[in-house]
Amino acid sequence: MHFSIPDTQELKEPRQGRSFVGYSVYANGSFHCTLRYRQLHNFHEQLKKQFGYNSLPYFPPKKFWSLNQTQVEERRNFLEKYLQIISQDERINKSEFFNGFLLHAQQESHNVTKEEVDLDLYLVNWFKVRLKVYSTDKSSTIMNAACRYLELPGSTMSYFALFMVRKPENDSQAILERKMMDFESPYLTLKNFDRPSKSHFLVIRRYYWDPSYDSILMKNNVSLDLLYHQVINDVENEWIIAPSDVKTRLSSLKMNESKKEYIELARTLKYYGFVRFEPCICDYPVEETRVEVRAGGMELVLAPQSTKGESVEHNFRVTRIRCWRLTTCLDDNGNVGNPNDSSRVLKFELSFEYLFSKDSLKWITIKSDQSILMSVFLRSMVEELLLKRKGLKSSVNNDEQSKTSGLASEPWSFMKIDGTSHPSTQMPRSFSTDSFPKNEATSKMRKSFSQNGNFSKMKPFFENDAFNGIGDDDL
(Lines give C-alpha, C1' and ligand atoms only; values in the text may rest on other atoms or scores of the structure.)
Protein backbone atom coordinates (compact mmCIF):
# COMPACT_ATOMS: atom_id res chain seq x y z
CA MET A 1 0.00 0.00 0.00
CA HIS A 2 1.15 3.53 -0.66
CA PHE A 3 -0.12 6.79 0.82
CA SER A 4 0.54 10.31 -0.36
CA ILE A 5 -0.74 13.81 0.37
CA PRO A 6 -0.15 15.57 -2.96
CA ASP A 7 -1.88 18.82 -2.00
CA THR A 8 -3.97 20.73 0.52
CA GLN A 9 -7.10 22.84 0.28
CA GLU A 10 -8.65 25.56 2.38
CA LEU A 11 -12.02 24.53 3.78
CA LYS A 12 -14.59 26.07 6.12
CA GLU A 13 -16.23 24.52 9.15
CA PRO A 14 -19.95 24.04 8.44
CA ARG A 15 -21.08 25.53 11.77
CA GLN A 16 -18.54 28.12 12.91
CA GLY A 17 -17.50 29.09 9.40
CA ARG A 18 -13.82 29.16 10.38
CA SER A 19 -11.23 28.23 7.77
CA PHE A 20 -8.92 25.22 8.15
CA VAL A 21 -6.48 23.26 6.01
CA GLY A 22 -7.69 19.97 4.54
CA TYR A 23 -5.05 17.39 3.61
CA SER A 24 -5.98 15.31 0.55
CA VAL A 25 -4.93 11.74 1.32
CA TYR A 26 -4.41 9.45 -1.66
CA ALA A 27 -4.21 5.68 -1.21
CA ASN A 28 -2.51 3.65 -3.93
CA GLY A 29 -2.72 6.56 -6.33
CA SER A 30 -6.38 7.57 -6.00
CA PHE A 31 -8.22 9.97 -3.71
CA HIS A 32 -9.20 8.34 -0.42
CA CYS A 33 -10.18 11.06 2.03
CA THR A 34 -9.66 14.62 3.25
CA LEU A 35 -8.36 15.00 6.81
CA ARG A 36 -7.48 18.00 8.91
CA TYR A 37 -4.48 18.14 11.19
CA ARG A 38 -6.34 17.54 14.44
CA GLN A 39 -7.85 14.33 13.06
CA LEU A 40 -4.40 13.03 12.17
CA HIS A 41 -3.06 14.16 15.55
CA ASN A 42 -5.85 12.24 17.30
CA PHE A 43 -5.02 9.25 15.08
CA HIS A 44 -1.38 9.50 16.15
CA GLU A 45 -2.28 9.71 19.86
CA GLN A 46 -4.42 6.59 19.64
CA LEU A 47 -1.66 4.76 17.76
CA LYS A 48 0.70 5.60 20.62
CA LYS A 49 -1.70 3.94 23.07
CA GLN A 50 -2.03 0.90 20.85
CA PHE A 51 1.59 0.36 19.84
CA GLY A 52 3.76 2.58 22.03
CA TYR A 53 5.56 5.85 21.35
CA ASN A 54 8.78 4.15 20.18
CA SER A 55 6.89 2.30 17.45
CA LEU A 56 6.00 5.51 15.62
CA PRO A 57 7.96 8.00 13.50
CA TYR A 58 8.13 11.75 13.98
CA PHE A 59 4.76 13.52 13.97
CA PRO A 60 4.68 17.31 13.39
CA PRO A 61 3.73 19.11 16.63
CA LYS A 62 0.80 21.44 17.21
CA LYS A 63 1.23 25.15 16.48
CA PHE A 64 -0.41 27.90 18.53
CA TRP A 65 -0.63 30.33 15.61
CA SER A 66 -1.97 30.03 12.09
CA LEU A 67 0.48 28.56 9.59
CA ASN A 68 1.73 30.43 6.57
CA GLN A 69 1.93 28.68 3.20
CA THR A 70 5.52 27.54 3.73
CA GLN A 71 4.64 26.00 7.09
CA VAL A 72 1.56 24.31 5.62
CA GLU A 73 3.72 22.74 2.93
CA GLU A 74 6.26 21.58 5.52
CA ARG A 75 3.51 20.01 7.64
CA ARG A 76 2.03 18.35 4.53
CA ASN A 77 5.40 16.80 3.79
CA PHE A 78 5.81 15.54 7.37
CA LEU A 79 2.32 14.06 7.48
CA GLU A 80 2.80 12.33 4.14
CA LYS A 81 5.99 10.65 5.26
CA TYR A 82 4.38 9.73 8.57
CA LEU A 83 1.58 7.84 6.78
CA GLN A 84 4.04 6.19 4.41
CA ILE A 85 6.18 4.86 7.25
CA ILE A 86 3.45 3.54 9.54
CA SER A 87 1.70 1.88 6.59
CA GLN A 88 4.80 -0.27 6.08
CA ASP A 89 4.69 -1.62 9.63
CA GLU A 90 2.68 -4.86 9.59
CA ARG A 91 1.78 -4.56 13.26
CA ILE A 92 0.03 -1.31 12.38
CA ASN A 93 -1.29 -1.81 8.86
CA LYS A 94 -2.99 -5.09 9.79
CA SER A 95 -4.65 -3.65 12.89
CA GLU A 96 -8.37 -2.95 13.04
CA PHE A 97 -7.67 0.57 14.29
CA PHE A 98 -5.49 1.59 11.33
CA ASN A 99 -7.92 0.17 8.78
CA GLY A 100 -10.99 1.32 10.69
CA PHE A 101 -9.79 4.91 10.95
CA LEU A 102 -9.08 5.17 7.23
CA LEU A 103 -12.35 3.43 6.37
CA HIS A 104 -14.31 5.92 8.51
CA ALA A 105 -12.37 8.80 6.92
CA GLN A 106 -13.29 7.57 3.43
CA GLN A 107 -16.95 7.37 4.41
CA GLU A 108 -16.98 10.88 5.87
CA SER A 109 -15.12 12.43 2.93
CA HIS A 110 -17.56 10.88 0.46
CA ASN A 111 -20.49 11.94 2.65
CA VAL A 112 -21.92 8.42 2.70
CA THR A 113 -24.17 6.90 5.34
CA LYS A 114 -24.55 3.19 5.94
CA GLU A 115 -27.19 1.80 3.61
CA GLU A 116 -27.85 -1.49 1.86
CA VAL A 117 -26.75 -1.46 -1.78
CA ASP A 118 -26.27 -3.85 -4.70
CA LEU A 119 -22.62 -4.49 -5.52
CA ASP A 120 -21.59 -6.43 -8.62
CA LEU A 121 -18.46 -8.57 -8.50
CA TYR A 122 -17.14 -10.60 -11.42
CA LEU A 123 -15.13 -13.74 -11.91
CA VAL A 124 -12.37 -13.72 -14.55
CA ASN A 125 -14.79 -15.25 -17.08
CA TRP A 126 -17.11 -12.26 -16.42
CA PHE A 127 -19.69 -14.29 -14.56
CA LYS A 128 -21.50 -11.72 -12.41
CA VAL A 129 -22.04 -12.10 -8.68
CA ARG A 130 -24.55 -9.56 -7.34
CA LEU A 131 -24.34 -9.08 -3.57
CA LYS A 132 -26.47 -7.21 -1.09
CA VAL A 133 -23.94 -5.34 1.04
CA TYR A 134 -23.64 -2.14 3.00
CA SER A 135 -22.12 0.90 1.32
CA THR A 136 -19.60 1.11 4.18
CA ASP A 137 -18.43 -2.54 4.13
CA LYS A 138 -14.66 -3.05 3.92
CA SER A 139 -12.94 -5.25 1.36
CA SER A 140 -12.57 -8.38 3.51
CA THR A 141 -16.27 -8.23 4.43
CA ILE A 142 -17.15 -8.11 0.72
CA MET A 143 -14.81 -11.03 -0.03
CA ASN A 144 -16.32 -13.09 2.77
CA ALA A 145 -19.80 -12.43 1.40
CA ALA A 146 -18.70 -13.38 -2.12
CA CYS A 147 -17.11 -16.61 -0.93
CA ARG A 148 -20.27 -17.56 0.94
CA TYR A 149 -22.31 -16.85 -2.19
CA LEU A 150 -19.97 -19.02 -4.29
CA GLU A 151 -19.76 -21.68 -1.53
CA LEU A 152 -15.98 -21.38 -1.54
CA PRO A 153 -14.49 -23.21 1.47
CA GLY A 154 -12.85 -21.08 4.13
CA SER A 155 -9.63 -23.08 3.76
CA THR A 156 -9.16 -21.75 0.21
CA MET A 157 -10.55 -18.24 0.65
CA SER A 158 -7.18 -16.67 1.46
CA TYR A 159 -5.83 -17.76 -1.94
CA PHE A 160 -8.09 -15.25 -3.68
CA ALA A 161 -8.37 -11.46 -3.57
CA LEU A 162 -10.52 -8.66 -4.90
CA PHE A 163 -9.10 -6.46 -7.66
CA MET A 164 -10.30 -3.45 -9.58
CA VAL A 165 -9.85 -3.77 -13.33
CA ARG A 166 -10.48 -1.43 -16.22
CA LYS A 167 -12.00 -2.77 -19.42
CA PRO A 168 -11.68 -0.37 -22.36
CA GLU A 169 -14.67 -0.32 -24.72
CA ASN A 170 -12.63 -1.32 -27.76
CA ASP A 171 -10.42 -3.85 -26.00
CA SER A 172 -11.66 -7.18 -24.72
CA GLN A 173 -8.71 -7.62 -22.37
CA ALA A 174 -9.15 -6.12 -18.91
CA ILE A 175 -6.31 -4.16 -17.31
CA LEU A 176 -5.46 -4.74 -13.66
CA GLU A 177 -5.39 -1.43 -11.81
CA ARG A 178 -5.69 -2.02 -8.08
CA LYS A 179 -5.81 -4.62 -5.34
CA MET A 180 -8.57 -3.74 -2.91
CA MET A 181 -7.39 -3.16 0.68
CA ASP A 182 -9.13 -3.41 4.02
CA PHE A 183 -8.91 0.32 4.74
CA GLU A 184 -11.38 1.04 1.94
CA SER A 185 -14.94 0.31 0.94
CA PRO A 186 -14.97 -1.33 -2.52
CA TYR A 187 -18.35 0.25 -3.16
CA LEU A 188 -17.03 3.78 -2.50
CA THR A 189 -13.73 3.25 -4.31
CA LEU A 190 -15.50 1.88 -7.37
CA LYS A 191 -17.95 4.77 -7.29
CA ASN A 192 -15.07 7.26 -7.24
CA PHE A 193 -13.25 5.53 -10.11
CA ASP A 194 -16.34 5.27 -12.27
CA ARG A 195 -17.26 8.94 -12.19
CA PRO A 196 -15.76 9.74 -15.61
CA SER A 197 -16.90 6.46 -17.21
CA LYS A 198 -18.36 3.06 -16.44
CA SER A 199 -15.28 1.06 -17.38
CA HIS A 200 -14.15 -0.23 -13.97
CA PHE A 201 -15.15 -3.55 -12.40
CA LEU A 202 -14.43 -5.52 -9.24
CA VAL A 203 -13.01 -8.95 -10.07
CA ILE A 204 -12.09 -11.94 -7.89
CA ARG A 205 -8.72 -13.40 -8.87
CA ARG A 206 -6.29 -15.99 -7.60
CA TYR A 207 -3.64 -14.29 -5.48
CA TYR A 208 -0.50 -16.28 -4.77
CA TRP A 209 2.80 -16.85 -6.55
CA ASP A 210 3.88 -20.43 -5.82
CA PRO A 211 2.16 -22.76 -8.34
CA SER A 212 2.38 -25.64 -5.86
CA TYR A 213 -0.61 -24.08 -4.05
CA ASP A 214 -2.71 -25.05 -7.07
CA SER A 215 -3.00 -28.53 -5.59
CA ILE A 216 -4.93 -27.11 -2.62
CA LEU A 217 -7.47 -25.41 -4.88
CA MET A 218 -7.85 -28.47 -7.09
CA LYS A 219 -9.26 -30.51 -4.20
CA ASN A 220 -12.51 -28.55 -4.18
CA ASN A 221 -14.86 -28.13 -7.13
CA VAL A 222 -15.56 -24.42 -6.53
CA SER A 223 -11.93 -23.34 -6.09
CA LEU A 224 -10.93 -25.64 -8.99
CA ASP A 225 -13.47 -23.91 -11.21
CA LEU A 226 -12.15 -20.45 -10.25
CA LEU A 227 -8.57 -21.53 -10.94
CA TYR A 228 -9.52 -23.22 -14.22
CA HIS A 229 -11.23 -20.14 -15.65
CA GLN A 230 -8.34 -17.90 -14.65
CA VAL A 231 -5.84 -20.19 -16.39
CA ILE A 232 -8.03 -20.18 -19.52
CA ASN A 233 -8.12 -16.39 -19.36
CA ASP A 234 -4.34 -16.18 -19.00
CA VAL A 235 -3.77 -18.47 -21.97
CA GLU A 236 -6.23 -16.70 -24.24
CA ASN A 237 -4.86 -13.26 -23.35
CA GLU A 238 -1.27 -14.52 -23.81
CA TRP A 239 -0.27 -13.95 -20.21
CA ILE A 240 0.83 -17.58 -20.54
CA ILE A 241 2.85 -18.31 -23.69
CA ALA A 242 1.71 -21.46 -25.46
CA PRO A 243 3.13 -22.84 -28.75
CA SER A 244 0.52 -23.55 -31.44
CA ASP A 245 0.57 -27.34 -30.91
CA VAL A 246 0.02 -26.92 -27.16
CA LYS A 247 -2.82 -24.48 -27.83
CA THR A 248 -4.49 -27.19 -29.90
CA ARG A 249 -4.20 -29.67 -27.03
CA LEU A 250 -5.51 -27.07 -24.58
CA SER A 251 -8.49 -26.34 -26.82
CA SER A 252 -9.34 -30.03 -26.90
CA LEU A 253 -9.12 -30.28 -23.10
CA LYS A 254 -11.30 -27.20 -22.74
CA MET A 255 -13.91 -28.64 -25.09
CA ASN A 256 -14.03 -31.82 -22.99
CA GLU A 257 -14.06 -29.78 -19.76
CA SER A 258 -11.00 -31.64 -18.52
CA LYS A 259 -10.22 -28.98 -15.98
CA LYS A 260 -7.39 -30.58 -14.01
CA GLU A 261 -5.67 -31.82 -17.16
CA TYR A 262 -5.96 -28.35 -18.70
CA ILE A 263 -4.34 -26.76 -15.63
CA GLU A 264 -1.58 -29.39 -15.43
CA LEU A 265 -0.65 -28.81 -19.08
CA ALA A 266 -0.73 -25.02 -18.65
CA ARG A 267 1.56 -25.33 -15.62
CA THR A 268 4.35 -26.55 -17.94
CA LEU A 269 4.19 -23.39 -20.03
CA LYS A 270 6.22 -20.21 -19.87
CA TYR A 271 4.87 -17.48 -17.58
CA TYR A 272 2.36 -19.71 -15.87
CA GLY A 273 1.22 -17.86 -12.74
CA PHE A 274 2.67 -14.53 -13.93
CA VAL A 275 0.88 -11.19 -14.19
CA ARG A 276 1.48 -9.18 -17.35
CA PHE A 277 1.47 -5.39 -17.15
CA GLU A 278 0.84 -2.85 -19.87
CA PRO A 279 3.87 -1.75 -21.94
CA CYS A 280 5.83 0.99 -20.18
CA ILE A 281 9.18 2.81 -20.07
CA CYS A 282 12.31 1.66 -18.21
CA ASP A 283 15.88 2.90 -17.91
CA TYR A 284 17.33 -0.60 -18.30
CA PRO A 285 19.29 -1.64 -20.24
CA VAL A 286 19.33 1.96 -21.55
CA GLU A 287 17.28 5.10 -20.89
CA GLU A 288 13.77 5.33 -22.37
CA THR A 289 13.56 1.63 -23.23
CA ARG A 290 10.01 0.50 -23.93
CA VAL A 291 9.43 -2.77 -22.10
CA GLU A 292 6.80 -5.30 -21.19
CA VAL A 293 6.88 -6.20 -17.49
CA ARG A 294 5.72 -9.45 -15.94
CA ALA A 295 5.65 -10.48 -12.28
CA GLY A 296 5.64 -14.06 -11.06
CA GLY A 297 7.88 -16.97 -10.18
CA MET A 298 9.41 -14.74 -7.48
CA GLU A 299 10.89 -12.42 -10.09
CA LEU A 300 10.24 -9.41 -12.31
CA VAL A 301 10.78 -9.94 -16.03
CA LEU A 302 11.55 -6.99 -18.29
CA ALA A 303 11.26 -7.68 -22.01
CA PRO A 304 12.37 -4.73 -24.19
CA GLN A 305 10.13 -4.28 -27.22
CA SER A 306 12.32 -4.28 -30.29
CA THR A 307 11.22 -3.17 -33.76
CA LYS A 308 13.56 -5.82 -35.18
CA GLY A 309 11.53 -8.60 -33.60
CA GLU A 310 14.32 -9.61 -31.24
CA SER A 311 13.26 -11.11 -27.92
CA VAL A 312 15.60 -10.34 -25.04
CA GLU A 313 14.48 -10.76 -21.45
CA HIS A 314 16.00 -9.47 -18.24
CA ASN A 315 15.03 -11.42 -15.13
CA PHE A 316 15.24 -9.78 -11.71
CA ARG A 317 14.91 -12.20 -8.82
CA VAL A 318 12.98 -10.87 -5.83
CA THR A 319 15.65 -12.13 -3.43
CA ARG A 320 18.22 -9.86 -5.10
CA ILE A 321 16.11 -6.71 -4.83
CA ARG A 322 17.44 -4.91 -1.75
CA CYS A 323 14.67 -2.32 -1.62
CA TRP A 324 12.30 -0.32 -3.78
CA ARG A 325 10.47 2.98 -3.70
CA LEU A 326 7.64 4.83 -5.40
CA THR A 327 8.08 8.41 -6.61
CA THR A 328 5.23 10.67 -7.69
CA CYS A 329 5.42 11.81 -11.31
CA LEU A 330 4.83 15.49 -12.03
CA ASP A 331 3.30 16.97 -15.15
CA ASP A 332 4.98 19.58 -17.38
CA ASN A 333 3.92 22.32 -14.95
CA GLY A 334 5.43 20.57 -11.94
CA ASN A 335 2.02 19.48 -10.58
CA VAL A 336 0.44 16.11 -9.86
CA GLY A 337 -2.78 16.93 -11.70
CA ASN A 338 -5.86 19.00 -10.99
CA PRO A 339 -6.28 19.16 -7.18
CA ASN A 340 -10.01 19.84 -7.60
CA ASP A 341 -10.57 16.55 -9.44
CA SER A 342 -11.12 13.83 -6.82
CA SER A 343 -11.33 11.18 -9.56
CA ARG A 344 -7.78 11.81 -10.78
CA VAL A 345 -5.24 8.99 -10.44
CA LEU A 346 -1.67 9.93 -9.51
CA LYS A 347 1.21 8.63 -11.63
CA PHE A 348 4.25 6.99 -10.06
CA GLU A 349 7.64 5.60 -10.92
CA LEU A 350 8.84 2.36 -9.37
CA SER A 351 12.57 2.19 -8.65
CA PHE A 352 14.31 -0.86 -7.20
CA GLU A 353 17.90 -1.47 -6.15
CA TYR A 354 19.16 -4.73 -7.62
CA LEU A 355 22.17 -6.86 -6.77
CA PHE A 356 23.73 -7.71 -10.13
CA SER A 357 26.82 -9.28 -8.62
CA LYS A 358 28.46 -9.38 -5.24
CA ASP A 359 29.02 -5.77 -4.09
CA SER A 360 27.37 -4.40 -7.25
CA LEU A 361 24.01 -2.73 -6.63
CA LYS A 362 22.21 -0.63 -9.22
CA TRP A 363 18.92 1.29 -9.26
CA ILE A 364 16.44 0.52 -12.04
CA THR A 365 13.39 2.72 -12.67
CA ILE A 366 10.11 1.77 -14.33
CA LYS A 367 7.63 4.43 -15.45
CA SER A 368 4.21 2.83 -15.57
CA ASP A 369 0.59 3.59 -14.75
CA GLN A 370 0.70 0.29 -12.85
CA SER A 371 3.75 1.11 -10.73
CA ILE A 372 1.83 0.90 -7.45
CA LEU A 373 0.39 -2.49 -8.38
CA MET A 374 3.91 -3.69 -9.20
CA SER A 375 4.99 -2.55 -5.74
CA VAL A 376 2.03 -4.34 -4.11
CA PHE A 377 2.93 -7.55 -5.96
CA LEU A 378 6.60 -7.26 -4.97
CA ARG A 379 5.54 -6.92 -1.34
CA SER A 380 3.23 -9.92 -1.70
CA MET A 381 6.01 -12.09 -3.16
CA VAL A 382 8.37 -11.14 -0.34
CA GLU A 383 5.71 -11.95 2.26
CA GLU A 384 5.05 -15.32 0.63
CA LEU A 385 8.77 -16.13 0.62
CA LEU A 386 9.09 -15.26 4.31
CA LEU A 387 6.03 -17.35 5.19
CA LYS A 388 7.47 -20.34 3.34
CA ARG A 389 10.71 -20.01 5.29
CA LYS A 390 8.63 -20.34 8.45
CA GLY A 391 6.87 -23.39 7.09
CA LEU A 392 3.57 -21.59 6.53
CA LYS A 393 1.60 -21.98 3.32
CA SER A 394 -0.43 -18.82 2.98
CA SER A 395 -1.16 -15.60 4.78
CA VAL A 396 -4.56 -15.58 6.45
CA ASN A 397 -6.88 -12.70 5.76
CA ASN A 398 -6.95 -9.51 7.78
CA ASP A 399 -9.85 -10.47 10.03
CA GLU A 400 -8.38 -13.84 10.93
CA GLN A 401 -4.96 -12.39 11.62
CA SER A 402 -6.37 -9.67 13.85
CA LYS A 403 -8.39 -12.20 15.85
CA THR A 404 -5.53 -14.60 16.39
CA SER A 405 -2.83 -12.06 17.20
CA GLY A 406 -4.60 -9.70 19.59
CA LEU A 407 -3.96 -9.81 23.31
CA ALA A 408 -6.48 -7.44 24.83
CA SER A 409 -9.37 -5.45 23.43
CA GLU A 410 -9.40 -1.73 23.72
CA PRO A 411 -12.01 0.68 22.35
CA TRP A 412 -11.10 3.38 19.86
CA SER A 413 -12.87 6.35 18.39
CA PHE A 414 -12.92 8.24 15.13
CA MET A 415 -12.65 12.02 15.27
CA LYS A 416 -14.76 13.58 12.55
CA ILE A 417 -13.72 16.67 10.64
CA ASP A 418 -15.89 18.86 12.90
CA GLY A 419 -13.93 17.68 15.95
CA THR A 420 -16.58 15.39 17.43
CA SER A 421 -15.48 11.88 18.36
CA HIS A 422 -17.52 8.78 17.69
CA PRO A 423 -16.74 5.41 19.32
CA SER A 424 -16.21 2.64 16.83
CA THR A 425 -18.42 -0.43 16.93
CA GLN A 426 -15.32 -2.48 16.12
CA MET A 427 -12.94 -3.23 18.95
CA PRO A 428 -9.29 -3.23 17.88
CA ARG A 429 -6.75 -5.29 19.72
CA SER A 430 -3.44 -4.41 21.30
CA PHE A 431 -0.59 -6.28 19.69
CA SER A 432 2.58 -7.70 21.13
CA THR A 433 5.82 -6.96 19.32
CA ASP A 434 5.90 -10.61 18.24
CA SER A 435 2.45 -10.59 16.64
CA PHE A 436 3.88 -9.91 13.16
CA PRO A 437 7.32 -10.28 11.59
CA LYS A 438 9.59 -7.41 12.58
CA ASN A 439 10.62 -5.23 9.65
CA GLU A 440 14.16 -4.11 10.40
CA ALA A 441 14.10 -1.52 7.62
CA THR A 442 10.98 0.14 8.99
CA SER A 443 12.56 0.26 12.44
CA LYS A 444 15.70 1.91 11.08
CA MET A 445 13.67 4.37 9.04
CA ARG A 446 11.47 5.20 12.01
CA LYS A 447 14.50 5.89 14.21
CA SER A 448 16.19 7.96 11.53
CA PHE A 449 13.07 10.03 10.87
CA SER A 450 12.69 10.67 14.59
CA GLN A 451 16.22 11.98 14.97
CA ASN A 452 17.34 13.29 11.60
CA GLY A 453 17.09 17.01 11.07
CA ASN A 454 16.82 16.53 7.27
CA PHE A 455 13.60 14.57 7.60
CA SER A 456 11.81 16.37 4.78
CA LYS A 457 14.51 15.42 2.28
CA MET A 458 14.40 11.69 3.03
CA LYS A 459 12.41 9.25 0.88
CA PRO A 460 10.66 6.32 2.56
CA PHE A 461 11.32 3.03 0.79
CA PHE A 462 10.19 -0.59 0.93
CA GLU A 463 12.90 -2.81 2.38
CA ASN A 464 13.04 -6.41 1.20
CA ASP A 465 13.42 -8.63 4.28
CA ALA A 466 13.96 -11.63 2.01
CA PHE A 467 17.15 -9.96 0.72
CA ASN A 468 18.85 -10.71 4.06
CA GLY A 469 18.86 -14.40 3.26
CA ILE A 470 21.05 -14.16 0.15
CA GLY A 471 24.27 -16.13 0.39
CA ASP A 472 27.25 -16.65 -1.89
CA ASP A 473 25.56 -19.66 -3.49
CA ASP A 474 22.74 -17.42 -4.71
CA LEU A 475 25.15 -15.12 -6.49
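Overview of results
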{"item": "Long-range neighbours under 7 Å by Cβ, at least six apart or interchain, first residue polar (S, T, N, Q) within segment 57-81, second open to solvent by less than 100 Å² (accessible area, probe 1.4 Å) and outside any loop (DSSP other than H, G, I, E, B)", "result": "77/456"}
{"item": "Of all residues making up segment 1-27, the number that are among the polar types (S, T, N, Q), touching a strand residue (DSSP E or B) at 6+ places or on another chain (Cβ under 6 Å) and open to solvent by 20 Å² or more (accessible area, probe 1.4 Å)", "result": "3"}
{"item": "Qualifying positions in segment 348-387 - assigned to a strand (DSSP E or B), small (Gly, Ala, Ser) and open to solvent by less than 40 Å² (accessible area, probe 1.4 Å)", "result": "351, 368"}
{"item": "Odd one out for residue 30, checked against (1) open to solvent by 10 Å² or more (accessible area, probe 1.4 Å); (2) polar (S, T, N, Q); (3) at pLDDT 90 or above", "result": "(1)"}
{"item": "Test result for residue 289, free of Cβ contacts under 8 Å to residues at least 24 places away in the same chain and closer than 19 Å to residue 218 by Cβ", "result": "no"}
{"item": "Qualifying residue in segment 181-189 (condition: open to solvent by less than 20 Å² (accessible area, probe 1.4 Å), under 30 Å from residue 93 (Cβ atoms), outside any helix (DSSP H, G or I) and among the polar types (S, T, N, Q))", "result": "yes"}
{"item": "Close pairs (7 angstrom Cβ cut-off, 6 or more residues apart or separate chains): closer than 19 Å to residue 292 by Cβ in segment 240-251, open to solvent by 70 Å² or more (accessible area, probe 1.4 Å) anywhere", "result": "241/270"}
{"item": "Test result for residue 301, within 17 Å of residue 356 (Cβ to Cβ) and either of a type in the set (A, V, I, L, M) or modelled with pLDDT under 95 (or both)", "result": "yes"}
{"item": "Any hit, segment 217-224, residues being closer than 25 Å to residue 271 by Cα, of a type in the set (Ser, Thr, Tyr), open to solvent by less than 20 Å² (accessible area, probe 1.4 Å) and over 23 Å from the mean Cα position of the chain (by Cα)", "result": "yes"}
{"item": "Filter result (on the phi < 0 side of the Ramachandran plot and either among the β-branched types (Val, Ile, Thr) or open to solvent by less than 40 Å² (accessible area, probe 1.4 Å) (or both)) within segment 293-313", "result": "293, 294, 295, 299, 300, 301, 302, 303, 304, 307, 312"}
{"item": "Among the candidates 194, 182, residue that is without any contact (Cβ under 8 Å) to a residue 12 or more places away in the chain and within 22 Å of residue 105 (Cβ to Cβ)", "result": "194"}
{"item": "Test: residue in segment 230-239 that is without any contact (Cβ under 8 Å) to a residue 12 or more places away in the chain and surrounded by 13 or more Cβ atoms within 10 Å (Cβ to Cβ)", "result": "yes"}
{"item": "Strands (runs of 3 or more DSSP E) wholly inside segment 108-178 containing at least 3 residues that are in contact with a Phe, Trp or Tyr (Cβ under 7 Å, 6 or more places away or on another chain) and either hydroxyl-bearing (Ser, Thr, Tyr) or farther than 30 Å from residue 35 by Cα (or both)", "result": "128-134"}
{"item": "Matching entry among 217, 226, 202 (being among the hydrophobic types (A, V, I, L, M, F, W, C), modelled with pLDDT of 95 or more, in contact with a helix residue (DSSP H, G or I) (Cβ under 8 Å, 6 or more places away or on another chain) and under 30 Å from residue 102 (Cα atoms))", "result": "202"}
{"item": "Whichever residue in segment 23-56 is outside any helix (DSSP H, G or I) and without any contact (Cβ under 8 Å) to a residue 60 or more places away in the chain and, among such residues, is nearest to residue 417 (Cα to Cα)", "result": "23"}
{"item": "Residues satisfying the stated conditions in segment 56-84, i.e. in contact with a Pro (Cβ under 7 Å, 6 or more places away or on another chain) and either crowded, with 22+ Cβ neighbours inside 10 Å or of a type in the set (Lys, Arg) (or both)", "result": "75, 79, 81, 82, 84"}
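The values are calculated or read from the model by the stated rules, or taken from the named source; none is laboratory data. What you see is a predicted model; the values in this text were computed from it and never measured. Virtual Cβ from ideal backbone geometry, glycine too; neighbours counted across all protein chains shown. Side chains included, ligands, DNA and RNA excluded: accessible areas come from the protein's heavy atoms. Shrake-Rupley method; radii C 1.70, N 1.55, O 1.52, S 1.80 Å.
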